[in-house]
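Single-structure report; data block below.
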Amino acid sequence: MKILMICLGNICRSPMAEGVMKHLLKKDSRHDWEVDSAGTGDWHVGQLPDRRAIRTSKNHGIDITRQRARQFNKNDFERFDHLLVMDTENLKDVRNLANNQPDKEKVKLLLEFKYPGKQMIVPDPYFNELFEESFQLIYEGCEAFLEEFG
Ligand code: 4NP
């Protein structure tokens, strides 16, 4: 299974989501899954995750400092089985890049697995500083995804 976590900048939410999913997979001794993250925007390409995302993850025993931001690109539709986005803006932006219906259907809100049909999002913590709250939502989403596909 190949999963790509996606947000806007790839420095706050999707790096934490990549870290959480890898952490949960490690706990399961499941090493054959591939997890990566990307941003729809290109402002932070090559950068470390935001220091607040690094700190929040570290508080939960997860090291995300080996990650570097990259921008989502169309090849990712072929490379990954699931494209999991954080909010409805990401959902629209990524679906707009899909060439066909099956690719569009690969794109889902991460929290769809925890709260089906509710259009629940992981709000952007970059300005509101709610990193712990974001982390908790991401954790719930990853656990729910694994309950369905793990
Ligand atoms: P992310 O957060 O999408 O969770 O990585 C953001 C990071 C940077 C910006 C916006 C959101 N920015 O505008 O620079």
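Just the number: Rg to Rh for region 54-126, Cα atoms, Kirkwood Rh, two decimals.
1.01
Please work out how much length the chain gains when fully extended from Lys58 to Glu34, using 0.36 nm per residue of separation minus the C-alpha to C-alpha distance, in nm with one decimal.
Going from the current span to full extension adds 6.5 nm.
Ratio of Rg to Rh for the chain, alpha carbon only, Kirkwood?
0.93
Run the simple label-point estimate for Asp42 and Glu147 please: 7 Å along Cα→C-beta, distance reported in nm.
In this crude spin-label approximation the distance works out to 4.0 nm.
Can you show me the helix-derived [θ] at 222 nm for the chain, built from DSSP H runs with n ≥ 4 at -39,500 (n - 2.57) apiece and divided by the number of residues, rounded to the nearest 500.
My calculation for the chain gives -12500 deg cm²/dmol from helical runs alone.
Can you list the residues, at least 5 places off or on another chain, whose amide H is less than 5 Å from the amide H of Ser37, using H built in the peptide plane?
Met5
For region 1-52, compute Rh as the Kirkwood radius over C-alpha pairs and then the Stokes-Einstein diffusion coefficient at 25 °C and 0.890 mPa s; write the answer in µm²/s, rounded to an integer.
Value of D from the Cα-based Kirkwood radius: 215 µm²/s.
Can you pull the Kirkwood radius for region 24-70, inverse mean 1/r over Cα pairs, to one decimal in Å?
12.2 Å
Taken together, the values in this text are just the output of simple stated rules run on the coordinates, not laboratory data. Here the structure is a predicted model, which is why all the values come from computation and not from measurement. Quick reminder, even Gly has a Cβ in these numbers, built from the backbone with ideal geometry, and neighbours come from all protein chains shown.
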